[in-house]
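Asker: Take this structure first; my questions come after.
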Amino acid sequence: MEKLNVPILLATGRQGRRSEAVARHALAKAQEFGFESPLVDVKQYGKAFTINAGEPNPKIEFWREIVSKAHGLIIISPEYNRGYPGELKLMLDALYDEYEGLPVGVCAVSDGAISGARMLENLRPVLIAFKMVPLQRAVYINVAKEFDAAGQPTDPSVDKQMKGLFEQLQKFAKVLKAVRPALLRQSL
């Protein structure tokens, strides 16, 4: 059976980002679950997505290739001032048609009391506008309480939440995998 290609997108390039440990843990767990999961880091792209539209841009083409081959996507995003990082929005805005029918799970990271729930509340309509399929399941991590200094979870509920997200993503990806190529051909 072919492995599902489910990239993990680390959605912030901020120095000292604590969500990087969460992304690395999610990557290991996704691969353990059976996904083929490359880690895509917005930090690698810098300001690549602010270049004038229509100009050739190898970083955008690289992102297009990743998304076009993906059966699903997992976004690891911190909550900044009740929202998601600007780098994430720039990266998402670089494409449009390629997202259609792509199931996406979100892992919300914060050190606040509700663990990134406000970020996800703001991100979900954006994902829908891109014709993605945001999953009902999400992972909420209070990074200050649930991860240690070495970047490992201290709370077993983190892995339980991730497993639930992966299971739901797998179900949607298997169904949408069959119809997504047709959707993409119609859009492009």
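Where a number appears in this text, it was derived from the coordinates with a stated rule and is not lab data. Since we're looking at a predicted model, the values are computed, not measured. Please note: Cβ atoms are built from the backbone with ideal geometry, for glycine as well, and neighbour counts cover all protein chains shown.
Asker: Applying the Karplus parametrisation 6.51 cos²θ - 1.76 cosθ + 1.60 with θ = phi - 60° to the phi angles of region 73-90, what ³J(HN,Hα) value in whole Hz is obtained for each residue in order, glycine and proline being reported as x?
Answerer: 8, 10, 9, 9, 9, x, 9, 10, 6, 6, x, 9, x, x, 4, 5, 5, 4
Asker: Okay, helix-only estimate at 222 nm for the chain: each DSSP H run of n ≥ 4 adds -39500 (n - 2.57), divide by all residues, round to 500 deg cm²/dmol; what do you get?
Answerer: Values: 6 runs with 83 residues, N = 188.
Here the helix-only value at 222 nm equals -14000 deg cm²/dmol.
Asker: Once you compute Rg and the Kirkwood Rh from C-alpha atoms, what is the Rg to Rh ratio for the chain?
Answerer: Across the chain, the Cα-based Rg/Rh ratio is 0.95.
Asker: Now for a different question. Grab the beta carbon distance between Arg64 and Arg14, set R0 = 35 Å, and tell me the FRET efficiency rounded to 0.05. Don't skip to the answer; put the middle values down first.
Answerer: Numbers: r = 25 Å, r/R0 = 0.71.
Efficiency for this residue pair is about 0.90.
Asker: How large is ³J(HN,Hα) for each residue in region 163-173, as worked out from phi by the Karplus curve 6.51 cos²θ - 1.76 cosθ + 1.60 (θ = phi - 60°), to whole Hz, x for Gly and Pro?
Answerer: Those phi angles translate into 4, x, 5, 4, 5, 5, 4, 4, 4, 5, 5 Hz.
Asker: How would you rank 13-21, 119-127, 146-154, highest first, on the average number of other Cβ atoms within 10 Å across their residues? Let's see the in-between values first.
Answerer: Working: 13-21: 16.2, 119-127: 18.3, 146-154: 13.2.
Descending packing order for the listed peptides: 119-127, 13-21, 146-154.
Asker: Taking amide H atoms as placed 1.01 Å from N in the peptide plane, list the residues 5 or more away in sequence, or in a different chain, whose amide H sits under 5 Å from that of Phe147.
Answerer: Those lying under 5 Å, H to H, from Phe147 are Thr154.
Asker: Highest mean first, how do 105-116, 25-36 rank when packing is the count of other Cβ atoms within 10 Å averaged over residues? Numbers along the way, then the final one.
Answerer: Numbers: 105-116: 22.2, 25-36: 18.2.
Highest mean packing first, the order is 105-116, 25-36.
Asker: Given the chain, what percent of its DSSP beta bridges are antiparallel, to the nearest 5? Intermediate values should be presented prior to the final figure.
Answerer: Working: 2 of 22 bridges.
Of all bridge pairs located within the chain, approximately 10 percent are antiparallel.
Asker: Could you calculate the FRET efficiency of Gln31 with Lys160 from 1/(1 + (r/R0)^6), where r is the beta carbon distance between them and R0 is 25 Å, rounded to 0.05? Could you put the intermediate results ahead of the total?
Answerer: Working: r = 18 Å, r/R0 = 0.71.
That gives a FRET efficiency of 0.90.
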